Amino acid sequence: MERTTHLSDYLAILRRRRRQIVRTALIVFGIAAALALLLPSMYRSTAKLLIEQQEVPPDLVPSTVTGYVSQRMRVIETRVLTPQNLVAIAQKADLYAKERAAGQDRAIANSMRKNIKIETVSANVTDPKSGAASMAAIAFNVSYDARSPEVAQKVAEELAALFINENRAVRTQKA
């Protein structure tokens, strides 16, 4: 004899276990509320940098940029996130005062790298020449996490400026 379960069977189980369910929900809610109140606030500031194509037709002026966008971004990222640049940003934003006083540049750079997020923004684009659709990097986000919103914004702004300046330097060098 096969027994089928109905909705009323499940409701009966929930009624019988009501106290355990409520107790568990209150404990989980209490832990979540305690964590929200006790953990320090973290703020993220993000700068979105748009990757634009050459505006002048390639027939008139050949592009100085060759290669894939993601490859160029990695090169620029490596040049921007050097310990010297990160220590300079930390000094401008008055971060890691103890480490700066002790001259621990590597520790400052490592701490800053942990708070920096670089993400590529891709979109489905159509190639104007072939008409084929493909995914392409159209922008990238540079973010910084800090305990103060002002510090997060200042560091993200500095990082974005470094990326822009480094891209300009790379293009000038190739030209």
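The values are calculated or read from the model by the stated rules, or taken from the named source; none is laboratory data. Model, not experiment: these values are computed from the prediction. Cβ sites come from the backbone with ideal geometry, for glycine too, and all protein chains shown count toward neighbours. Note: accessible area is taken over every heavy atom of the protein model, side chains too, but ligands, DNA and RNA are not part of it. Shrake-Rupley method; radii C 1.70, N 1.55, O 1.52, S 1.80 Å.
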Item to complete: Go from 0 up to the bin containing the longest alpha carbon distance in segment 97-175, width 10 Å each, and give me the % of pairs per bin.
Response: 15, 30, 31, 16, 6, 2
Response to the item:
With label points set 7 Å from each Cα along the Cα-to-Cβ direction at residue 157 and residue 91, the distance between them in nm comes to 2.0
Item to complete: Mean Kyte-Doolittle of at least 0.5 plus a Cα span of 27 Å or more along the axis: flag which DSSP H helices in the chain meet both, please.
Response: 18-38
Fill in: Sequence-separation-based contact order of segment 124-175, relative, with Cα cut under 8 Å and 6+ spacing, percent
19
Worksheet entry | Computed helical MRE - 222 nm, the chain, DSSP H runs ≥ 4 contributing -39500 (n - 2.57), nearest 500 | -17500 deg cm²/dmol
Discussion item. What does the C-alpha gyration tensor say about the overall shape of segment 132-175? Classify as rounded when a/c is under 1.5, otherwise prolate if a/b is larger than b/c, or oblate.
Written reply: oblate
Practice prompt. Could you check which residue among 70, 143, 130 shows the biggest mean-square fluctuation in a GNM of the chain with a 10 Å Cα cutoff?
Written response: 130
Worksheet, complete the sentence: Quick tally, 1.4 Å probe accessible area for 10, 43, sorted with the most first, runs 10, 43
Response to the item:
With N residues in the chain, Rg(alpha-carbon) / (2.2 N^0.38 Å) equals 1.66
